[in-house]
1. What residue, among those in the stretch 256-272 that are outside any loop (DSSP other than H, G, I, E, B) and open to solvent by less than 10 Å² (accessible area, probe 1.4 Å), is nearest to residue 64 (Cα to Cα)?
2. Could you say whether any residue in the stretch 199-220 is open to solvent by less than 80 Å² (accessible area, probe 1.4 Å), part of a loop (DSSP other than H, G, I, E, B) and either among the acidic types (Asp, Glu) or without any contact (Cβ under 8 Å) to a residue 60 or more places away in the chain (or both)?
3. Kindly indicate whether any position in the stretch 182-193 is within 21 Å of the chain's Cα centre (by Cα), surrounded by 19 or more Cβ atoms within 10 Å (Cβ to Cβ) and among the aromatic types (Phe, Trp, Tyr).
4. Does residue 275 qualify as being outside any helix (DSSP H, G or I) and either at negative phi or surrounded by fewer than 18 Cβ atoms within 10 Å (Cβ to Cβ) (or both)?
5. Consider the stretch 42-59. How many of its residues are open to solvent by 30 Å² or more (accessible area, probe 1.4 Å) and not in a helix (DSSP H, G or I)?
6. Quick one: would you say residue 128 is open to solvent by 60 Å² or more (accessible area, probe 1.4 Å), β-branched (Val, Ile, Thr) and at pLDDT 95 or above?
7. Among residues belonging to the stretch 137-159 that are of a type outside the set (A, V, I, L, M, F, W, C) and part of a strand (DSSP E or B), point out the one that is surrounded by the fewest Cβ atoms within 10 Å (Cβ to Cβ).
8. Can you go through 193, 219 and tell me which one is of a type in the set (Asp, Glu) and touching a helix residue (DSSP H, G or I) at 6+ places or on another chain (Cβ under 8 Å)?
Amino acid sequence: MATKDDRKKSRRDAPLRDVLRVPGGERIDLTAYDASAIPAGPADKATGLAATAALAPRLADLHERLYASSTAGDRRRLLLVLQGMDTSGKGGTVKHVIGLFNPSGCRIRAFKAPTQEERNHPFLWRITKALPQPGEIGIFDRSHYEDVLIARVRDLVPRARLERRYDQINHFEKSLADDGVTVVKVFLHLSYEEQRNRLLERLDTPEKHWKFNPGDIEERSVWPAYQEAYEVALERCTTAEAPWYLVPADRKWYRNWAISRLLLEHLEGLDPKYPPGDFDVEECRRRLLLT
């Protein structure tokens, strides 16, 4: 019979995408997930920072291969979707994780409140316009899920229309997968207490006042409603083509390692190859030596 230590070791040795994947077809209760947990990987901050840095060369190599393969017609690309409560680390992920890649091959979009033009179109219109091109890594800081999160909490649309959006999102993400987009959806799971600490840090640090929004205090008053909205989105929109991954976000160093590792596993799964040259290498060498 496997011991408790054996089960822990098995979990830590499993691919992180298996450990952090939100189970499909199950009721999700976010209170059952510890936002400060270390479910797999480095056990402390120093080890975690070193492990994240060690992933950089392999991530950069796979990204270059993905971009190179697109020059020969490979349509594959990767889209990282980041969702979470304010201060959960969406911007920090962009800074610390996406910085491991070549910025020229990344397409980053932070979705704010929709403009009047965007309101005049279906809710997925602005998302479609921001998708990565073949060979690129796209990063969404917030996304189409805002239209079933804040829209649900604040009753911005009729409930019948809101209910249809979950199926629309699933169909949309399947169409992306069919077109060569690997969709990596990450929910940054932050605790109520840790959000308070991070907001206080912004208030106590003049250089961070620009990050503070007094509206965040009001949003905390509807925290339970947001948690419920996330639970519904995770339940309804975890699919084989685009599963959700729940990353504990109270520890910033762990968040950065976990997302870096998830991206690495997905890129390794794609296993992009450098395309062969469509020219005579030896003939080009001969001609070059004559110049």
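1. From the stretch 256-272, those outside any loop (DSSP other than H, G, I, E, B) are 256-270; that's our starting set.
Those still in the list that are open to solvent by less than 10 Å² (accessible area, probe 1.4 Å) too: 258-260, 262-264, 267.
Details: 258: 21, 259: 19, 260: 16, 262: 17, 263: 14, 264: 13, 267: 11 Å.
Top of the filtered list is 267.
2. yes
3. The answer is yes; a qualifying residue exists.
4. Details: outside any helix (DSSP H, G or I): yes; either at negative phi or surrounded by fewer than 18 Cβ atoms within 10 Å (Cβ to Cβ) (or both): yes.
For residue 275, the condition - outside any helix (DSSP H, G or I) and either at negative phi or surrounded by fewer than 18 Cβ atoms within 10 Å (Cβ to Cβ) (or both) - is met.
5. Going through the stretch 42-59 one residue at a time, the tally reaches 2.
6. On the way: open to solvent by 60 Å² or more (accessible area, probe 1.4 Å): yes; β-branched (Val, Ile, Thr): yes; at pLDDT 95 or above: yes.
When the stated conditions are applied, residue 128 passes them.
7. Going residue by residue through the stretch 137-159, those that are of a type outside the set (A, V, I, L, M, F, W, C) are 138, 141-147, 152, 154-155, 158-159.
Checking which are part of a strand (DSSP E or B) leaves us with 138, 141.
Details: 138: 20, 141: 18.
Looking at the filtered set, the residue picked out is 141.
8. Details: 193 fails: touching a helix residue (DSSP H, G or I) at 6+ places or on another chain (Cβ under 8 Å).
Unique residue meeting the criteria: 219.
The values are calculated or read from the model by the stated rules, or taken from the named source; none is laboratory data. This one's a predicted model, so the numbers in the text were calculated from it and none came from an experiment. When we count neighbours, we look across all protein chains shown, and the Cβ atoms used for this are built from the backbone with ideal geometry, even at glycine. These area figures cover heavy atoms from the full protein model, side chains too; ligands, DNA and RNA do not enter into them. Shrake-Rupley method; radii C 1.70, N 1.55, O 1.52, S 1.80 Å.
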